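Colleague: This is the structure, below, for whatever I ask next.
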Amino acid sequence: MANTEKDKAGAARTTGPGAVLQAERLDFVDLVPKDRPRAQSMKGFDDCYTDIVDYIIRCTHRIWDERDVGLIYSHYTHDCIVYAAGGTIYTREEIVQDTIRRLYMLPERRGMATQVIWNGNDEDGFYTSHLVTGSGRHTQPGIYGKPTGRSFVARTVADCMVYQNRIFREWLVVDSMAQVKQIGLDPQAYATNLAKAYFDKGLLAVDIGEPGRLTGQYPPLSTPDLSIANNDAEREVLQWLHDIHNRRMFGRIKTAYAPTVQYHGPLMKELYGQASVIHQTIGLYAAIPDGFFMPQHICSQPSDEGGIKVAVRWLIEGHHLGWGVMEELGAPTGKRLQVMGMSHYHIRDGKVVDDWTTYDEMSVLMQIKLAQMSDKGSAVLDED
């Protein structure tokens, strides 16, 4: 079947009565409908949720916008782990406390669902990747310090594993560097404060071994690990991601992306065309030239807009050995880094027409600060 025929067949499966909601073309009131019959089996879920997309968007709204923070107790397991770019939360109670603090600091923030890409079912559990565009003002004191009154717009992606109404694992990437810059804070000072909190707890950066892109003196593998893919389309995405990121075949972007592609990147960058994507990708590896790109999860859904939407959660592991698009990192420090990122791709006729890529440059800067604090602490111990 040709790509166009596949796209049309996929789009047809998502429309009509009983179809699972998609966020992209619906107004908010249609995303949290009243008296809508269930569109898919949701055993164990609260009656108000009609499908998994409704669940993710509605419960997020109820907790964050309607301020019903206590719903976290019925929507997260007691031992839910949240892996965030800036640190890890290990209990439901910590999630409650963190939510209260952030609601106080940014009371006008609203998170608008850009899209929800998912797979799974109510028997085995669901996996969702929820792209949010958040906007608000910094009007109250908190982790950002004294309020500046300035507004911000930044993207967040939350990947959740859900079983019978409860999230039991979550990965969270917030473009906090975009928020910090827009509200007028000093990124260097803010990253230092974040790092000091970890340093004071004895959590130090450790540089052990080398990134896994190369084995000895062999070149990168020509084929990626495709075991996480669920279909041919996802296998194809993993292959060109491997070619671009690990084999450094940046020209592959010209065959994987449409000439008119729009790139929605960190710091709310809105760029157009293949050359922009190539430059951003090269710039990322200019800062971490030994970086090893590791996809962690992939899922996809046919899109009402035609074609498919694909979500990829990934890590890049390497060392800060150069200058690149993450300008706040400054001169190379040689420090070991991990970049947690999420990408959503809209693919039509076999080409990426939209790329939403989110990673937290603030987390990367904090890792450098922490490693430098560790170096200073070791130097003091050596002098003693």
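The values are calculated or read from the model by the stated rules, or taken from the named source; none is laboratory data. Here the structure is a predicted model, which is why all the values come from computation and not from measurement. Don't worry about glycine lacking a Cβ; one is built from the backbone with ideal geometry, like all the others, and counts go over all protein chains shown.
Colleague: Confirm whether SER303 is under 26 Å from ASP232 (Cβ atoms), among the polar types (S, T, N, Q) and in contact with a helix residue (DSSP H, G or I) (Cβ under 7 Å, 6 or more places away or on another chain). Give the steps one after another, and end with the answer.
Modeller: Numbers: under 26 Å from ASP232 (Cβ atoms): yes; among the polar types (S, T, N, Q): yes; in contact with a helix residue (DSSP H, G or I) (Cβ under 7 Å, 6 or more places away or on another chain): yes.
Yes; evaluated as a whole, the condition is true for this residue.
Colleague: Go through the stretch 258-281 and give me each residue that's more than 17 Å from TRP314 (Cα to Cα) and free of Cβ contacts under 8 Å to residues at least 60 places away in the same chain.
Modeller: The answer is PRO259, LYS269, GLU270, LEU271, TYR272, GLY273, GLN274, ALA275, SER276, ILE278, HIS279.
Colleague: Regarding the stretch 255-272, can at least one residue be identified that is of a type in the set (Gly, Ala, Ser), surrounded by fewer than 17 Cβ atoms within 10 Å (Cβ to Cβ), at pLDDT 95 or above and more than 22 Å from GLU170 (Cβ to Cβ)? Break it down into steps so the answer makes sense when it comes.
Modeller: Within the stretch 255-272, the first condition is being of a type in the set (Gly, Ala, Ser), and the residues that meet it are 256, 258, 265.
Still in the running and surrounded by fewer than 17 Cβ atoms within 10 Å (Cβ to Cβ): none.
No: the stretch 255-272 contains no residue that is of a type in the set (Gly, Ala, Ser), surrounded by fewer than 17 Cβ atoms within 10 Å (Cβ to Cβ), at pLDDT 95 or above and more than 22 Å from GLU170 (Cβ to Cβ).
Colleague: Could I ask something else about it? Could you list all residues from the stretch 55-74 that are in a helix (DSSP H, G or I) and either not assigned by TED's automatic domain parsing to the domain that holds PHE168 or not aliphatic (A, V, I, L, M) (or both)? Please lay out each step first, then the result.
Modeller: Here is the first cut: in the stretch 55-74, the ones in a helix (DSSP H, G or I) are 55-64, 69-74.
If the condition is that a residue be in a helix (DSSP H, G or I) and either not assigned by TED's automatic domain parsing to the domain that holds PHE168 or not aliphatic (A, V, I, L, M) (or both), then TYR55, ARG58, CYS59, THR60, HIS61, ARG62, TRP64, GLY70, TYR73, SER74 are the ones that fit.
Colleague: Could you identify the single residue in ARG155, ARG109, ARG92 that is touching a Gly at 6+ places or on another chain (Cβ under 9 Å) and free of Cβ contacts under 8 Å to residues at least 60 places away in the same chain? So that I can check it myself, show each step before the final result.
Modeller: Values: ARG155 fails: free of Cβ contacts under 8 Å to residues at least 60 places away in the same chain; ARG92 fails: touching a Gly at 6+ places or on another chain (Cβ under 9 Å).
None of the others qualify; the one that does is ARG109.
Colleague: Can you confirm whether the stretch 216-228 contains a residue that is under 21 Å from the mean Cα position of the chain (by Cα), within 25 Å of VAL132 (Cα to Cα) and either at pLDDT below 95 or polar (S, T, N, Q) (or both)?
Modeller: No: zero hits.
Colleague: Now, a different point. For the stretch 354-378, give me each residue that is of a type in the set (Val, Ile, Thr) and more than 19 Å from the chain's Cα centre (by Cα). Outline the logic, then answer.
Modeller: Step one: list which residues in the stretch 354-378 are of a type in the set (Val, Ile, Thr), which gives 357-358, 364, 368.
Matches in the stretch 354-378: ILE368 only.
Colleague: Another question, then. I'd like the full set of residues that are loosely packed, with under 13 Cβ neighbours inside 10 Å and at pLDDT 95 or above, limited to the stretch 70-96. Walk me through it before giving the result.
Modeller: Start the filter on the stretch 70-96 by keeping residues that are loosely packed, with under 13 Cβ neighbours inside 10 Å, which leaves 70, 74, 78-79, 88, 90.
Of everything in the stretch 70-96, those that are loosely packed, with under 13 Cβ neighbours inside 10 Å and at pLDDT 95 or above turn out to be GLY70, SER74, HIS78, ASP79, TYR90.
Colleague: Do we have any residue at all in the stretch 340-351 that's over 20 Å from ALA229 (Cβ atoms), part of a helix (DSSP H, G or I) and assigned by TED's automatic domain parsing to the domain that holds GLY273?
Modeller: For the stretch 340-351, residues over 20 Å from ALA229 (Cβ atoms), part of a helix (DSSP H, G or I) and assigned by TED's automatic domain parsing to the domain that holds GLY273: absent.
Colleague: Next up: Can you tell which of VAL237, VAL173 is at pLDDT 95 or above, within 20 Å of the chain's Cα centre (by Cα) and under 22 Å from ARG348 (Cβ atoms)?
Modeller: Answer to the selection: VAL237.
Colleague: Which is among the small types (Gly, Ala, Ser) and at pLDDT 90 or above, of ALA39, ALA12?
Modeller: Details: ALA12 fails: at pLDDT 90 or above.
One residue alone meets the criteria, ALA39.
Colleague: Determine which member of the set LEU226, LEU214, LEU221, LEU204 is in a loop (DSSP other than H, G, I, E, B) and in contact with a Lys or Arg (Cβ under 7 Å, 6 or more places away or on another chain).
Modeller: Numbers: LEU214 fails: in contact with a Lys or Arg (Cβ under 7 Å, 6 or more places away or on another chain); LEU221 fails: in contact with a Lys or Arg (Cβ under 7 Å, 6 or more places away or on another chain); LEU204 fails: in contact with a Lys or Arg (Cβ under 7 Å, 6 or more places away or on another chain).
Exactly one of LEU226, LEU214, LEU221, LEU204 is in a loop (DSSP other than H, G, I, E, B) and in contact with a Lys or Arg (Cβ under 7 Å, 6 or more places away or on another chain), namely LEU226.
Colleague: Can you tell me which residues in the stretch 293-317 are assigned to a loop (DSSP other than H, G, I, E, B) and surrounded by 22 or more Cβ atoms within 10 Å (Cβ to Cβ)? Step through it out loud before you land on a result.
Modeller: Applying the first criterion (assigned to a loop (DSSP other than H, G, I, E, B)) to the stretch 293-317 yields 303-307.
Once the filter is applied, which keeps residues that are assigned to a loop (DSSP other than H, G, I, E, B) and surrounded by 22 or more Cβ atoms within 10 Å (Cβ to Cβ), the stretch 293-317 yields SER303, GLY307.
Colleague: Scan the stretch 162-183 for residues that are among the hydrophobic types (A, V, I, L, M, F, W, C) and crowded, with 19+ Cβ neighbours inside 10 Å and jot them down. Walk me through it before giving the result.
Modeller: Residues of the stretch 162-183 that are among the hydrophobic types (A, V, I, L, M, F, W, C), as a first pass: 162, 167-168, 171-174, 177-178, 180, 183.
If the condition is that a residue be among the hydrophobic types (A, V, I, L, M, F, W, C) and crowded, with 19+ Cβ neighbours inside 10 Å, then VAL162, ILE167, TRP171, LEU172, VAL173, VAL174, MET177, ALA178, VAL180, ILE183 are the ones that fit.
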